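Just below is one structure, and these are the notes that go with it.
The values are calculated or read from the model by the stated rules, or taken from the named source; none is laboratory data. Given the structure is predicted, the values throughout are model-derived calculations rather than measurements. As a convention, Cβ positions derive from the backbone with ideal geometry for all residues, glycine included, and neighbour counts pool all protein chains shown. Ligands, DNA and RNA are stripped out before the accessible areas are found, and what is left, the full protein with its side chains, is counted by its heavy atoms. Shrake-Rupley method; radii C 1.70, N 1.55, O 1.52, S 1.80 Å.
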Amino acid sequence: MKPARILVIEDNAFDIVLLRHALDLQGEDYELEILSDGEAALRFVHEHRVRLRVPEPCVILLDLYLPIYDGMAVLRAIREAPALEHIHVVVLTALASPGQEIEIASMGALYRKKSTFLKDVIQLAAEIIAICKSSSTTAA
């Protein structure tokens, strides 16, 4: 089985280190690509839209509050890109308004509350790996 390809769009280095540790604990092969702001994320979407980039991630973890362009703008761009619209997106943030939660769900993304507790991040990592495994079995 190929490694899970995971795109993380996050500007907080500590959150990335914690996630990487939690993924390591899952005992599964994975590849992590990190983008640290909304501009880089929109460039990623554009490059997939015009077929400059392949392969696709099985899941995108998206911080809601990013420098330059926020996570909602990035999520809208992902859903409008035919090459990426089917990708599972998990939106992470410490605080989302009820309106944001509704908008996230209406675009087919999952909302998860960001945590700095290892047990919570391990649970998120397990969910990510499960999403990737289900994506690979449906693509096969």
Problem - Nearby aspartates and glutamates by direct alpha-carbon distance to Lys113 (threshold 18 angstrom, same-chain neighbours under 8 apart not counted) - result: Glu10, Asp11, Asp15, Asp63, Asp70, Glu101, Glu103, Glu127
Completion exercise
Between Gln26 and Glu80, the two model label points (7 Å from Cα along the beta-carbon direction) sit apart by a distance in nm of 3.0 nm
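With the other protein chains left in place, how much accessible area per residue, in square angstrom, belongs to the chain at a 1.4 angstrom probe? Intermediate values should be presented prior to the final figure.
Numbers: 7460 Å² over 140 residues.
Roughly 53 Å² per residue, with all protein chains present.
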Exercise for the section: Calculate for the chain the 222 nm mean residue ellipticity that helices alone would give, adding -39,500 (n - 2.57) per DSSP H run of length 4 or more and normalising by residue count, nearest 500 deg cm²/dmol. Expected result: -14500 deg cm²/dmol
Exercise for the section: Would you work out which of Tyr69, Val59, Leu92 lies farthest towards the positive end of the dipole of the chain, given +1 charges on the beta-carbon of Lys and Arg and -1 on that of Asp and Glu, about the Cα centre? Expected result: Val59
Handout entry: Whole-number D in µm²/s for the chain (Stokes-Einstein; Kirkwood sum over Cα pairs; 25 °C, 0.890 mPa s)
Key = 163 µm²/s
Practice task
Enumerate the lysines that Lys2 could reach by cross-link, defined here as Cα to Cα under 16 Å, with residues fewer than 8 away along the same chain left out.
Solution key: Lys133
Problem - Mean separation of Cα contacts under 8 Å, 6 or more apart, over the residue count of the chain: relative contact order % - result: 28 percent
Problem - Stretch gain in nm, segment Glu56-Phe14, where the contour uses 0.36 nm per residue and the Cα spacing is subtracted - result: 12.6 nm
Handout entry: Highest to lowest packing among 85-96, 114-125, scored as the average C-beta count within 10 Å
Key = 85-96, 114-125
Completion exercise
Toy charge model, Lys and Arg Cβ at +1, Asp and Glu Cβ at -1: the chain dipole around Cα centroid in debye, rounded to 20, equals 300 debye
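When the accessible area of the chain is split by element with a 1.4 Å probe, what percent falls to carbon and sulfur?
Looking at the chain in its full context, I get 58 percent from C and S.
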